[in-house]
Amino acid sequence: DNPNSILNFYKAMIQLKKSDDVYTYGKFDLVDTNNEQVFAYTRTLDDKQILIVGNLTDQITSLNMPDYMSNHSNHILLHNYKDRAINMNALRPFEAFVLELSLFSILCFSNNADVSPFCAFTILYSLTTATSLKVSMLSNG
């Protein structure tokens, strides 16, 4: 049983999809719609946004997307390369991954957010439950 097999990757994908409503009920938005080499989209539900990316070719290619999506604090949920290194400017052949975009990135850098550029957000995870999220906004505006 090879942990790096395609079968085990598909099992992990199915388990991930079943783990959260965002994958089924989240709003679907294509990313880099004119890119014929990469299929990328987000799913957004409540305060959670997921980015799903797949390089459809056997060539190194790039993904054009808003800066907030490539923030280093995004959490890799699934990746088909063992080293799990992601470079949006050099997606490897047939590379596929799922990222949970950080709430800080979404709120501070998204063009869809109406947020003062002078604000800072502190994300505090509740100690009582793993799914509770409290956001404290500190503004010097």
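Worth a mention:
- Ligands, DNA and RNA are left out, and with a 1.4 angstrom probe the accessible area of the range 1-98 is 64 Å² per residue.
- In this structure, the amide hydrogen of residue 31, modeled 1.01 Å from its nitrogen in the peptide plane, lies closer than 5 angstrom to those of 40, 41, 42, counting only residues at least 5 positions away or on a different chain.
- Less than 5 angstrom separates the built amide H of residue 62 from those of 91, all sequence-distant by 5 or more or on a different chain.
- J(HN,Hα) series, the range 3-16, from Karplus relation 6.51 cos²θ - 1.76 cosθ + 1.60, nearest Hz, glycine and proline x: x, 9, 6, 5, 4, 5, 5, 5, 4, 5, 4, 5, 4, 5
The values are calculated or read from the model by the stated rules, or taken from the named source; none is laboratory data. None of these values were measured; they are calculated from a predicted model. In case anyone asks, the SASA skips ligands and DNA or RNA and just uses the protein heavy atoms, side chains included. Shrake-Rupley method; radii C 1.70, N 1.55, O 1.52, S 1.80 Å.
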